[in-house]
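Structure first, then comments.
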Amino acid sequence: MEYRDLVIIGAGPAGLAAAISAYEQGIRDILILERENFLGGILNQCVHNGFGLHTFHEELTGPEYASRYIDKLSDLKIEYMLETMVIDISEMRNVIAINEKRGVMEIQAGAIILAMGCRERPRGALNIPGSRPSGIYSAGTAQKFVNLDGYLPGREIVILGSGDIGLIMARRLTLEGVNVKMVLEILPYSSGLKRNIVQCLDDYDIPLKLSHTVTKIHGSERIEGVTVSQVDEDLMPIPGTETYVSCDALLLSVGLIPENELSRKANVTINPKTQGPIVNERLETSRPGIFACGNVLHVHDLVDYVSEEAALAGKNAADFIKNVSSEGLEVEIFAGDGVRYTVPNKVNPINVEKYLPVRFRVTKVFSQATVLVEFDNLPVHKKKKTIMTPGEMEQVFLPKSWFTERPFLRKITVRIEGDENA
Amino acid sequence: MYDSIIIGAGVIGANIARELARYDLKIAVLEKMSDVCEATSKGNSGIVHSGYDAKPGTLKAKYNLTGNQMMPELCRKLNIPFRQNGSLTIVFNQEKMAELEKLIERGIENGVSGLMILDRETTMKLEPNLNDAVVGSLYAPTAGIVDPFQLTIGPAEIAVQNGVKFFLSTEVTGLYKTKQGFLVKTNNGNFEALTVINAAGVFADDINNWISERKRLIRPRKGEYCLFDKEVGNLVEHTIFQLPSGVSKGVLVTPTAEGNLLIGPNSLPDNDKFDILTSAEGIQYVLDTAKKSVRNLPTNQIITGFAGLRASEKDGDFVLGEPEDVPGFFNALGIESPGLTAAPAIAVDLATWVAEYLRAQLKAEYIEKRVEYHRFADLSTQEKQELFKSDHDYGKVICRCELVTLAEIKNAIRRPLGATTLDGIKRRTRAGSGRCQGGFCSPRILEILSEELRKDIREIVKSSEKSTYLVGFDKDML
Ligand SMILES: Cc1cc2nc3c(=O)[nH]c(=O)nc-3n(C[C@H](O)[C@H](O)[C@H](O)COP(=O)(O)OP(=O)(O)OC[C@H]3O[C@@H](n4cnc5c(N)ncnc54)[C@H](O)[C@@H]3O)c2cc1C
Ligand SMILES: Cc1cc2nc3c(=O)[nH]c(=O)nc-3n(C[C@H](O)[C@H](O)[C@H](O)COP(=O)(O)OP(=O)(O)OC[C@H]3O[C@@H](n4cnc5c(N)ncnc54)[C@H](O)[C@@H]3O)c2cc1C
C-alpha cells in the first residue's frame, strides 16, 4: 500500500484542471489515474472546434483545448498513470486501481477528487421494440470508431436524438461519405446547440425531424431499417404516421449519465435528479475528503465550465489536506483481537505529517480475515486479506485527514475479524 | 460413420453431449448457429425451479425435481454461476391463500422438500420491497438461479474435451433411415450415424416428423423480458412469482445468477418459430405486471430487453426417447420450462438409453474438469494480484462495466469451443453485457478477435454470419 495526498480519478478536462489547481494551492503529492492511454478524456474524440470560447476566447478543437492543460500539467511535473483503471474506493479514501505494469495497486489517499465523466445511455433505456441486430451504436461509440479508430459504423445511417454529439456525428459521417438519412428528435425541439443544427445539419441538407421517433427496429442479423413515427404532445406515437426508412446503422444520441459506480462504492450519496453526487458549496460529497467535479457531478454542455468547476474542487481538496488541527490530545493505539502489537502505541495527531503508518503483526495464521481499524470503537477502515501470518508485518496508513476530521478522538484500535485457520 | 449425432447445441444438446461422452462412442453435435446457446437457452429466466408447479406424474415433474437436485453439484464442478436463493410465490388476497395450500400438496406429491407458507409479516421481512398488497407467500427454499449460458457452454466444453466433435453453422436439412442407421443431410455435407438425438428446440417437431409417423407439433409461446443494471440487482433477494396461471408461471421478478435484476416473461401463444422480436405492448405488460409484485421498480435502470420461445408440444409434456416406429432415433422434444432445470437429468437418461441401444461401454478416462477460467471481478484484491503475477493481461481491463480483462477475453477465444463472435465473448466472459452494453469495449474486442482468429476486422460478427459490426474504414466510400 502507498500513500498520496491527493488522488484524482479521471484525466479528462475536469481531472486535469483539478490537479493544476491543487498544485497551485501547494499540494505536491498528487496522482492522477486514467484508464485510457491518453490524457484529455472525451475531448480527444471531439475533433470538431467550438471549445474554449469562454476560457481562451478562441475556438479550439477538443484535443487543442485539452493540450493547453496537458502542457501545464507536464510543466508542473504532476504525476499521472495511464491505462490505469480505478476499480474500487472506500469511504475512508482507500483506492484500488489496476494496470498492466503493476497489477493491483492499493493507495491510501488524503483526499480524492472524482472526475470520471459520464457515459451515454444505451438502447435498453429506450425500450425500442423489435429485433436486436448488429448495427446499433451510441453516437459517442460511433464518434470513437470514426475519429480514433478509423472504422465506419455504416453506410446509410439514421440518427435518433438531436443532442450535440448526434448533430456533430451527422456532419462527421457525411464528410466520411456516409449517407446520413435523417436525425430524429422525439421532443418538439432539439436539445442541441443552435449553431450545431445550422453547421452540422442545415449546411449538409440533412433533415431534422422533430416530434418523431423510432418505433420499431427491423432486421434479424444486421439492422435493415427502422419504422419512424410522429408523436403527439404526450410523446406517444400517432397511429397511421409510420414510415419505413431503410438503413444499415442506427446511431443513438439520447442522453448522458454520470459515471458514478465508484462513487456508490464509497457510499457517496447520489442525487437522483442529476445522477451525480450530492455536494456542498466546496464540491465535497457526503463523504468527507471526497470531492467531485465535471460530468461525473452533472452533465455539462460546455467544457469551459467543467474546467472552472474542477479548479474549485482542486482548491478545496487542497484545503482539506492542509487543514491542521490545533488541539493536542494524545491518542492511544490498541492492539485488539488477533493483533500482537502495533508500532507506534500512541500518537499526537498534530505531529502526524501526511499520514501515520501503523505497523503490526497478527497473533496466528488467519485466512480470509479482515483487518479493522476503529476510531473510538467506530470502524474507519476494513480490509479483507486472503492470508496473514505472524511472520509477516502488516501495515495500515492513517491519513492526517482522518485525525483532523475527529478533533476529539481518544482511542484507536487495530484488530482482526473473521475466520481463522491454524 | 458416427455412433451418435446430436442435433442442436442448446442446453439440452450440450448436456446430452457431456453425458454421452462418458461412453466409448464417436459423437458429433450439429448446430445451425455459429455458436452454442444461440436459441431458447439464451432467452429464458434462468431459474432452477423447485418443482412444485408441474403436474404430478408428468415427465416435467420428474425431471424438474432430479435436475434441481443435481444442479448445485454440477455447477460447482463446472464453475457455473449458481445460487440457491429460494423463491416466493406471492398472493394479493386472502382467498388465494388456499391456492398456495394446493401448490404445497402438489409439491409434496412431486417430492419437493422444504415448502412453507409464510404470512404477510414474514414475507415482507424477507422481501421489504414487495408491494404492500401482499398477504402471504409460498416459500420454496430449493429454487435457485443459474447462468443459462454457462449451463450450456460448460457441458459443451466438457464434451469437446472428451472427444465430441461440434459442427457449428451446420443446419440439418434432411434425415433418412439407412440399412445401418441414419443419413443426416446438412448444408455442410452429409453425415451418417447409428443413432440420432433430436434436441433441436422449437424445430424438433419438424425433425421428428421427417422420420416418424408419430407426428409431433410444437407451437412456440413467446416470452419477453427487461433486464436491469446490477445497481438494482438486489431489489429482491428471492425469485418472486405470482400465482401460476395454468399455461405459464407468470411474470417473475428475480436477481440473476450474475447479479442483475430480471423481470418477465409474458406468454404469447402460437408464435412464429423465427420471431423473437420484442414488442412495445409486451414490454409494457411485463412492466405493469412486475409492478404488482414490487414497489418502486427502477425503470430508468433497464439496460436491455429480449425474448425467447417456449417449445410447447401439443400434448403438454416433454417428449423423451424413441418413437415406437424409429428405433435408434431419440427425441428430446417439447422441452419448454422447466427445461433448463431439467437439462442435466434429461441428459443422464437419454445418454443411458442411447448407450444401452449401442451396447456402449464407459470410457476408461473421462475428463470431468473444465479448462480453468477466472472471473477477475469476483476475486479479492490479493487474489487479483496473484493472478496478475501469473499473466499481466489480467492488468488490462477491456470491459469496464463488468470488469473483464484482456486475459479473460483471450481465454474465452482459446478455450475448447472458443468464442468467435462478439456475442460468444459476451456469454463466456460477460464483456459487453453491462450497463453500457458494449459501447466501450466492442471495438477493442473486435480487434482482439481479429488478431486471435487472424481475420479481417470487418469479418468479425456479432453472432450470425451477416451480423457484421463495422462496414469499412473511414473514407473508403468516397
Ligand atoms: C461525446 C461528447 C461530445 C462533446 N462535445 C462537446 C463540444 O462540442 N463542445 C463542448 O464544449 N463540450 C462538449 N462535450 C462536453 C465536454 O467535452 C465535457 O463536458 C467534458 O469533456 C467533461 O469533462 P470530464 O473531465 O468531466 O469528463 P471526461 O472528459 O469524460 O473525462 C473523464 C475521464 O475519466 C476517466 N475515467 C472514468 N472512470 C475511470 C476510472 N474508473 N479509472 C480511471 N479513469 C477513469 C475516463 O477515461 C475519462 O478520460 C462533449 C461531451 C461528450 C461526451
Ligand atoms: C421465456 C422462457 C422462459 C424460460 N424460463 C425457464 C426457467 O426459468 N427455468 C427453466 O428451467 N427453464 C426455462 N425455460 C425453458 C428453457 O429455456 C428451455 O427448456 C431450454 O432452453 C431448451 O433447450 P433446448 O436445448 O431444447 O433448446 P434450444 O436452446 O432452442 O436449442 C436448440 C438448438 O437446436 C438448433 N437447431 C434447431 N434446428 C436445427 C437444425 N435443423 N439443424 C441444426 N441445429 C438446429 C438451434 O439452433 C438451437 O441452438 C424458459 C423458456 C422460455 C422460452
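Values quoted throughout were computed directly from the atomic coordinates according to the rules given, and no laboratory measurement underlies them. If you're wondering where the values come from, they're calculated on a predicted model, not measured in any experiment. Cβ coordinates were reconstructed from backbone atoms using ideal geometry, including for glycine residues, and neighbour counts include every protein chain displayed.
Given +1 at the Cβ of Lys and Arg, -1 at the Cβ of Asp and Glu and no other charges, the dipole of the protein assembly as shown around its Cα centre is 1400 debye to the nearest 20.
Over all orientations, segment A:25-65 has a Cα convex hull whose mean projected area works out to 4.1 square nanometres. A straight chain from A:HIS57 to A:GLU281 at 0.36 nm per residue would run longer than the Cα-Cα distance by 77.9 nm. Mean projected area of the convex hull spanned by the Cα atoms of chain B, taken over all viewing directions: 24.3 nm².
Computed per residue of chain A from DSSP H runs no shorter than four, each worth -39500 (n - 2.57), the mean residue ellipticity at 222 nm is -5500 deg cm²/dmol. Modelled spin labels at A:GLU156 and B:PHE473, positioned 7 Å past Cα toward Cβ, are 2.6 nm from each other.
Summing +1 for each Lys or Arg and -1 for each Asp or Glu, what net charge is found among the other residues whose Cβ lies under 11 Å from the Cβ of A:GLU259?
Numbers: positive: A:ARG35, A:ARG119, A:ARG264, B:ARG400, B:ARG435; negative: A:GLU120, A:GLU261.
Net local charge, A:GLU259 excluded: +3.
Hey, how much of the P(r) for chain A falls beyond 28 Å, as a percent of Cα pairs? In whole percent, the share of Cα-Cα pairs in chain A beyond 28 Å is 56. In sequence order, segment B:327-342 has phi-based couplings of x, x, 10, 10, 8, 10, 10, x, 7, 8, 4, x, x, 5, 4, 7 Hz under the Karplus curve 6.51 cos²θ - 1.76 cosθ + 1.60, θ = phi - 60°, and Gly or Pro positions carry x. In loop segments of segment B:342-371 as defined by DSSP, the GluC sites (Glu not before Pro) with at most 10 further C-beta atoms inside 10 Å of their C-beta are B:GLU365.
Multiplying the residue separation of B:ARG214 and B:ASP132 by 0.36 nm and removing their Cα-Cα distance gives an extension gain of 24.4 nm. Report the extension gain between B:GLU459 and B:ASP315 in nm, rounded to one decimal, defined as 0.36 nm multiplied by the number of residues separating them, less their alpha carbon distance. Between B:GLU459 and B:ASP315, full extension yields an extra 47.4 nm. Expressed in units of 2.2 N^0.38 Å, where N is the residue count, the Cα radius of gyration of the protein assembly as shown is 1.02. In this structure, A:VAL343 and A:LYS411 have a Cβ-Cβ separation that, at R0 = 22 Å, corresponds to a calculated FRET efficiency of about 0.85. For the peptide A:174-186, the mean number of other protein chain Cβ atoms found within 10 angstrom of a residue's Cβ is 2. Take each residue of peptide B:446-452, count the partner chain Cβ atoms within 10 Å of its Cβ, and average: the result is 1.
Take every Cα pair under 8 Å whose residues are at least 6 apart in sequence, average their separation, divide by the length of chain B, and the relative contact order is 19 percent. By the Cβ rule of 4.7 Å, chain B holds the following cysteines without a possible disulfide partner: B:CYS37, B:CYS75, B:CYS226, B:CYS401, B:CYS436.
Reported to the nearest whole Å, the Cα centre-to-centre distance from segment A:382-413 to segment B:1-42 is 55. Taking Cα atoms only, the orientation of helix A:62-75 departs from the longest principal axis of chain A by about 20 degrees. Converting phi to 3J(HN,Hα) with the Karplus coefficients 6.51, -1.76 and 1.60 and the offset θ = phi - 60°, segment B:100-112 yields 5, 4, 4, 5, 4, 4, 4, x, 4, 4, 7, x, 7 Hz in sequence order, with x at every glycine or proline. Using the Cβ of B:ASP132 as centre and a radius below 10 Å, the other residues enclosed give a net charge of +2, where K and R count +1 and D and E count -1. Within straight-line reach of B:LYS55, meaning a Cα separation under 24 Å, sit the following lysines at least 8 residues removed in sequence or on another chain: B:LYS96, B:LYS102, B:LYS215, B:LYS222, B:LYS249, B:LYS314.
Starting from segment A:9-64, pick out the GluC sites (Glu not before Pro) whose DSSP state is loop and whose Cβ has at most 12 other Cβ atoms within 10 Å. Numbers along the way, then the final one.
Working: sites: A:GLU24, A:GLU34, A:GLU36, A:GLU58, A:GLU59, A:GLU64; in loops: A:GLU34, A:GLU36, A:GLU58, A:GLU59.
When the GluC sites (Glu not before Pro) of segment A:9-64 are filtered for loop state and at most 12 Cβ neighbours within 10 Å, A:GLU58 remain.
Using the number of other C-beta atoms within 10 angstrom as an exposure proxy, rank A:TYR151, B:TYR357, A:TYR189, A:TYR137 with the fewest first. Each step should come with its number before you reach the end.
Numbers: A:TYR151 20, B:TYR357 16, A:TYR189 9, A:TYR137 26.
Lowest count first: A:TYR189, B:TYR357, A:TYR151, A:TYR137.
Based on a Kirkwood Rh over C-alpha pairs, give the Stokes-Einstein translational diffusion coefficient of segment A:1-111 at 20 °C and viscosity 1.002 mPa s in µm²/s. Each step should come with its number before you reach the end.
Working: Rh = 14.6 Å.
Taking Rh from Cα pairs, D becomes 147 µm²/s.
If you count Lys pairs in segment B:376-477 whose Cα atoms are under 13 Å apart, skipping same-chain pairs closer than 8 places in sequence, the total is 4.
Treating the beta-carbon of each Lys and Arg as +1 and of each Asp and Glu as -1, no other charges, what is the dipole magnitude of segment B:376-477 about its Cα centre, to the nearest 20 debye? Mind showing how you got there, number by number?
On the way: 19 positive and 16 negative charges, 41 e Å.
Once rounded to the nearest 20, the dipole reads 200 debye.
On the principal axes of its alpha carbon atoms, segment B:376-477 extends 50, 29, 23 Å, with the longest extent given first. The residues packed around B:GLU213, meaning those with a beta-carbon under 10 Å from its beta-carbon, carry a net charge of 0 if Lys and Arg are +1 and Asp and Glu are -1.
Once you mark the trypsin sites (Lys or Arg not before Pro) that are in a DSSP loop and have at most 14 other Cβ atoms within 10 Å, what is the longest gap between them in chain A?
Details: sites that count: A:ARG28, A:LYS77, A:LYS101, A:ARG102, A:LYS273, A:ARG282, A:LYS364, A:ARG410.
The answer is A:103-272.
Compactness of segment A:214-339 was expressed as the Cα radius of gyration divided by 2.2 N^0.38 Å, which yields 1.80.
For a quick check of your reading of the filter: which GluC sites (Glu not before Pro) in segment A:378-417 sit in a DSSP loop and have no more than 14 other Cβ atoms within 10 Å? Intermediate results must be reported in sequence, preceding the final value.
Numbers: sites: A:GLU392, A:GLU394, A:GLU405, A:GLU417; in loops: A:GLU392.
The qualifying sites are A:GLU392.
For the peptides B:131-138, B:81-88, the ranking by mean Cβ contacts within 10 Å, running from highest to lowest, is B:81-88, B:131-138. Couplings 3J(HN,Hα) for segment A:273-289, derived from phi with the Karplus relation 6.51 cos²θ - 1.76 cosθ + 1.60 (θ = phi - 60°), are 6, 7, 6, x, x, 7, 10, 8, 5, 8, 6, 8, 6, 5, 9, x, x Hz, where x marks Gly and Pro. Look at where the Cα atoms of segment A:110-143 and of segment B:157-197 average out, and the two centres are 42 Å apart. For B:374-386, what's the mean count of beta carbons from other chains sitting within 10 Å of each residue's beta carbon? That average works out to 4.
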